[in-house]
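Heads up: the structure comes next, in structure tokens.
Every number here is computed from the coordinates shown, using simple stated rules; none is lab data. Note that the coordinates shown come from a computational prediction; the quantities given were computed from them, not determined experimentally. Counting neighbours? That spans all protein chains shown, and the Cβs are built from the backbone with ideal geometry, glycine included.
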Amino acid sequence: MVNEQDWIQEQERLHVVTQKLQARIAELEPEVAGLQSHTAEIRRRFWEEVTVNTSTDEDLEETFYSIKQQEALLSERERSYRLRVQQWHNLNRLLKSPYFGRIDFQEDGLGYREQIYIGVSSFVESDGLNFLIYDWRTPIASMYYDASPGPAAYDTPGGRITGTMELKRQYQIKDGQLLNVFDTSLTIGDQLLQQVLGKGADTQMKSIVATIQKEQNAIIRDDTSRMLIVQGAAGSGKTSAALQRVAYLLYKHRERLKADQIVLFSPNPMFNSYVSTVLPELGEENMQQATFQEYLEYGLGTGLKLEDPFDQIEYVLTEQHTRQYEARLKGIAYKASAEFLQALKNYSVWLGREGMCFNSIRFRDRELIAAKRMEEQFYSYDPSIRLANRVAMLQEWLLKELTLLERKEREEDWVQEELNYLDNEQYDAVHKELHQERGVFDFAEQYEQIQEKLQNKRRRDEGDFDYAEREEELLVREIVKAQFLPLRRSVKRMAFIDMLGLYAQLFGSQDAYTRMTGGAEVPELWADIGEQTREKLGRYELFYEDATPFLYLKELVEGMRMNTEVRHVFVDEGQDYSMFQYEFLKKLFPHARMTVLGDFGQAIFTQATELYGTNSPLLRLYGESDTRLIRLVRSYRSTREIVEFTQALLPGGRDIVPFDRRGAKPLLIKASSSGDLVMRMAEDLAALEAEGYQSIAVITKTAAESSEAWHRLEESGASVRLVTKQTPTFEHGAVVLPAYLAKGVEFDAVLIYDASARVYHRERERKLFYTACTRAMHRLQLYTSGEWSPFIQALDASLYEVRAEGEGDSSEVPAEGR
Ligand SMILES: Nc1ncnc2c1ncn2[C@@H]1O[C@H](COP(=O)(O)OP(=O)(O)OP(=O)(O)O)[C@@H](O)[C@H]1O
């Protein structure tokens, strides 16, 4: 805390700034309301203000410019209205908490010391010169996050400014009231951070703008790397930094970057709602958010049933060790690899020469255009033309063929039969059309007559308008056209390409695969992998691991649908994406920079990618010189005791540095039976709630285990909600969910439903177990009614407390842990 005199001065300044904010809000209010009605008025009177005259070319031109002018005026007014409204919202936001930091800076060569107060947006005196508050994203404010009192510097577009930071101060202001003022010598002082981190978990993520740490600031303000990779321990603030980075980029490039040019790939749909309030809280619009699965579904269309990553992980976690299982795992690993991607590229080259698969176009049980004919046509094109371009040429050809066939089809018997069965509505429609046609015909007739008189010539001998004949002809045309429409549509959708066949063709014999893919090697158990894949495709289904390769092949054949608008792609939980998926994202967003955030310690999916270190294949995606790696090692989420426990679960976990917030040691609870376990857990849930913890998660390994836990807890009187992959949002209270759905989020207290050796023993389950335990902020409790998981047995007994059967808490070591 500061001394009394400083406190009084700060109180006074807050008072002054608050008054100025209020005055500006009052000033803006009528303007905001007035501008809105003015803009609405312009829109209403749009056509009154323009003179529409199309008599001559000059008049037409004048009308055109008059409309353009009116449009420009309207959009200028609307822009200015939007700006004012945004300003008004920002001022109201500031009113509650105008600033959170201050630095005093003496710039070299200048004779005075400037006080720089920092808040979520800027506030300038009416003269436009005196900054009462600086936006946290301004260049000068970067010193607040990066430097300590002493020599300091910041970069501006005009060059580097150096000087001395003479003071660094932090404020807590709530609802306009000054609660605390701290002077800090280090970067962002621990006191405020302690207070922020001591609070309870929320159903929505919070902005960390007031306490951004130096290493996080580097992530937020990086504006040069094509690829920014952040490897950070659980709870090290990766997601928080990513969202602040979005806000920073939107501010820095506000003239040319819009929120919808930024895409964030999230681990699951619930996560979308979890992070959705951070940017609006900072006065910015949300970026686009999607899960990769949503993207795949969009790209693949409706014809195929797609497995999701959660079903894949359920399979990996629950199935037994059979040959089938091993083959599937080998398949997952191979299909996620860069080698497979190269194999598919080579395959597309091979398809340029032979092997394309087409679907015949069938109509009323007849083959209209046979696949064989398409193949001949396709390979008759110049082979030097790209595959996708030749496909487009074939598409054109097919549409023309269909036009010819449609004409021919009008002679077929079935058309006459259909004609007899037409209902009144169809007749009416044709009548109407004929009347219109008749109108045109009559007009043409008159015209011809005049021409005849003028030129004193007999006109061509044309028959009268034969009404009945024309009617039938039109009807026939309509009938056939309607039936051909779906054929045309499917050609436009490229349904004539047998994508399933093309993909399945790959999974034949080893020799054939090697030949088609320019010599690619097959993984072990290839025959089984092939059989599984083909069998699944035969049911019009795709394994999750096949979805991206399938889509990639589709794009190679049909032409890549790129998104050239997007400028920034963020991938959260980036360790769970395969290299294949990264290559795909790079192609999909050719004009975007990429920010990947992840933690290899939490790599729970089989297709995981190492993000950090010289082995990371991700370094090569854009090339090392365009890639920057940042590592976050401080963990903010959990208490020191929980971090010490969880880091010991990972082989390389020693590098994680806990933030010094103290709490109870993780508690191991051994029950005498599974019934006893559920009873104790229900009691503990009630006790934790009574202690004031609002968000509590019972975390299980699988969805099936979640559902079982939920039923049993409900039976024993606990009030808990079951979270499944369909649950759209988080809510306060106690929930039961599988570990993979808890990714990226946090809870006040976490109860591991069954930490026994039966459930967590395979090495690949270690990271899942770690991920589950690292969701806890304040309390972590683990339960078993059997033998403890070997991951716990290997821990040093000083890292936890134990509560044995029928006992209260103690620090006794479990039998297996001694
Ligand atoms: N600089 C900070 N100031 C205050 N709180 C912070 C800061 N950095 C992180 N936190 C808090 O730490 C918690 C974890 O942050 P976040 O979820 O961003 O971490 P993460 O690295 O994405 O975690 P995980 O990998 O486990 O999903 C959040 O409650 C967040 O508010």
Quick check: the angle from helix 467-492's long axis to the longest principal axis of the chain, C-alpha only, nearest 10 degrees? 30 degrees
Per-residue HN-Hα couplings for the stretch 257-273 [Karplus 6.51, -1.76, 1.60; θ = phi - 60°; Hz; x = Gly/Pro]: 10, 10, 4, 7, 9, 10, 10, 10, 8, 9, x, 7, x, 5, 4, 4, 6
Stretch HIS591-ARG82 to full length: gain in nm at 0.36 nm per residue minus the Cα-Cα span? 180.4 nm
List the trypsin sites (Lys or Arg not before Pro) within the stretch 479-546 that DSSP assigns to loop and that have no more than 14 neighbouring Cβ atoms inside 10 Å. ARG493, ARG539
Want the number for LEU257 to LYS345: 0.36 nm per residue separation, take away the alpha-carbon distance, what's left? 28.3 nm
Acute angle (nearest 10 degrees) that the helix 424-455 long axis makes with the longest principal axis of the chain, alpha-carbon atoms: 60 degrees
I need the chymotrypsin sites (Phe, Trp or Tyr not before Pro) found in the stretch 523-556, filtered to DSSP loop residues with at most 12 other beta carbons within 10 Å of theirs. TYR540
For LYS305, go through the aspartates and glutamates and keep the ones whose alpha-carbon is under 17 Å away, minus same-chain ones fewer than eight residues off. GLU294, GLU297, ASP498, GLU535, GLU541, GLU545, ASP546
Equivalent-ellipsoid semi-axes of the stretch 483-546, from the Cα gyration tensor, Å, largest first: 29, 14, 8
Whole percent per 20 Å bin, from 0 to the bin with the longest distance: what is P(r) over all C-alpha pairs of the chain? 12, 33, 32, 17, 5, 0
What nm distance separates the two modelled labels at THR162 and ASP223, each placed 7 Å from Cα along Cα→Cβ? 2.2 nm
Once amide hydrogens are built 1.01 Å from N within the peptide plane, the residues lying 5 or more places from ARG593 or on another chain with amide H under 5 Å from its amide H are HIS568, VAL569
Quick one: which of 728-738, 615-625, 770-780 comes out on top by average Cβ neighbours within 10 Å, and what's the full order, highest first? 770-780, 728-738, 615-625
From the Cα gyration tensor of the stretch 640-817, with a ≥ b ≥ c the square roots of its eigenvalues, which class applies: rounded if a/c is under 1.5, or else prolate if a/b is larger than b/c, or else oblate? rounded
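Given LYS206/LYS258; LYS554/LYS587; LYS536/LYS767; LYS330/LYS587; LYS330/LYS586, which pairs have Cα atoms separated by over 20 Å?
Over 20 Å apart, Cα to Cα: LYS206/LYS258; LYS536/LYS767; LYS330/LYS587; LYS330/LYS586.
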Can you give me the relative contact order of the chain as a percent, contacts being Cα pairs under 8 Å and 6 or more apart? 13 percent
Filtered hits (lysines, Cα-Cα < 21 Å from LYS20, offset >= 8 within chain) -> LYS96, LYS174
